[in-house]
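The values are calculated or read from the model by the stated rules, or taken from the named source; none is laboratory data. Computed from a predicted model, the values in this text were never measured in an experiment. Note that we place each Cβ from the backbone using ideal geometry, even for glycine, and neighbour counts take in every protein chain shown. Surface areas here come from the heavy atoms of the whole protein model, side chains and all, with no ligands, DNA or RNA. Shrake-Rupley method; radii C 1.70, N 1.55, O 1.52, S 1.80 Å.
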Amino acid sequence: MKALVSGGAGFIGCNMSKRLLQEGWQVTVFDNLSRPGTANNLRWLKNFGRVRFVKGDVRDRARVRAAYKAAQSPDAVFHFAGQVAVTTSVTDPREDFEVNALGTFNMLEGLRHGLSAASKKKTKPAFFYSSTNKVYGGMEDIRVVEKGGRYQYRDLPKGIPESRLLDFHSPYGCSKGAADQYVHDYGRIYNFPTVVFRQSCIYGYRQFGVEDQGWVAWFTIAAALGKPLTIYGDGKQVRDVLFIEDLCDAYLL
């Protein structure tokens, strides 16, 4: 089995690539190495097998095509490359849009144009996309109550279901949400399997978090280095977190 992993040197991407290598996949990593720590992640990843690496940006159609060519008709595409912080999207919404919405469009187009090359295979290549819970918006209509020293949804003890209507908030929510819907529609229109994961608060190995993104890692880094932590609000807000290995299990399933 062959996989193309965009953002494959990032936090989620390198962990997913490691798992694929351990299960015998041929892995092609496509990454621009712009985020601090990604070059180290790529070197670490090579401990688990032979990795094809294509340096490039998802905004560059030519580099996207080069990545697909290097992957040699992949059986699966895992699209993790993206602009990942709400705060950054507010500061520079154009870059956020171009990376998340246009970048995902380019990745989908790369796969669509490669479908003819994969036509001899029994199954069509699958496209997996890491979206966000920000596509559900602020959910101001849902009542929040305080119980046991923490906040929770009064009428939804198990959280928000997938049937919740979309309501994109922030430039980040709009760019990721637009990409989310493009992934769904490309699967429907061009008849290849697509899956969207609406993720939030993933934590684990090789996450180089900062205050506004990757906060579990940032809390750990700050505690280890004796740096101050900023608590917003009254500290009673609750977030669900998901360990990276469990997320990789979900993708493989």
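Remarks
- Computed [θ] at 222 nm, helices only, for the chain once each DSSP H run of length n ≥ 4 contributes -39500 (n - 2.57): -11000 deg cm²/dmol
- If both residues of a DSSP beta bridge must be in the range 111-226, then about 45% of such bridges are antiparallel.
- Per residue, the chain exposes 54 Å² of accessible surface when a 1.4 Å probe is rolled over the protein heavy atoms with every protein chain present.
- Taking 0.36 nm per residue of separation and subtracting the current Cα-Cα distance, fully stretching the chain between LEU229 and TYR190 would add 9.3 nm.
- Kirkwood Rh and Cα Rg combined as Rg over Rh, evaluated for the range 135-238: 1.04
- For the chain, with all protein chains in place and a probe radius of 1.4 Å, 53% of the accessible heavy-atom surface sits on carbon or sulfur.
- Alpha-carbon Rg/Rh ratio, for the range 58-118, with Rh computed the Kirkwood way: 1.05
- Within the set (1) 31, 22, 17; (2) 26, 22, 18; (3) 28, 22, 17, the number that semi-axes √(5λ) of the Cα gyration tensor in Å takes when calculated for this structure is listed as (1).
- Global form of the range 18-64, assessed from the alpha-carbon gyration tensor, a/c cut-off 1.5: oblate
- Using the Karplus relation 6.51 cos²θ - 1.76 cosθ + 1.60 with θ = phi - 60°, the per-residue 3J(HN,Hα) values for the range 195-205 come to 9, 10, 9, 8, 9, 6, 6, 7, 9, x, 4 Hz, with x marking Gly and Pro.
- Cut-off under 5 Å, modelled amide H: who pairs with LYS2 long-range: GLN26, ASP75, ALA76
- Inter-centroid distance (Cα atoms) of the range 168-206 relative to the range 70-107, Å: 10
- Put simply, when 216-224, 70-78 are sorted by average Cβ atoms within 10 angstrom per residue, most first, you get 70-78, 216-224.
- If you wrap the tightest convex hull around every Cα atom of the range 108-187 and split its volume per residue, you get 127 Å³.
- Angstrom value of the Kirkwood radius, inverse mean 1/r, which spans all Cα pairs in the range 212-253: 12.5
- Helix runs (DSSP H) in the chain reaching 27 Å along axis by Cα, Kyte-Doolittle at least 0.0: none
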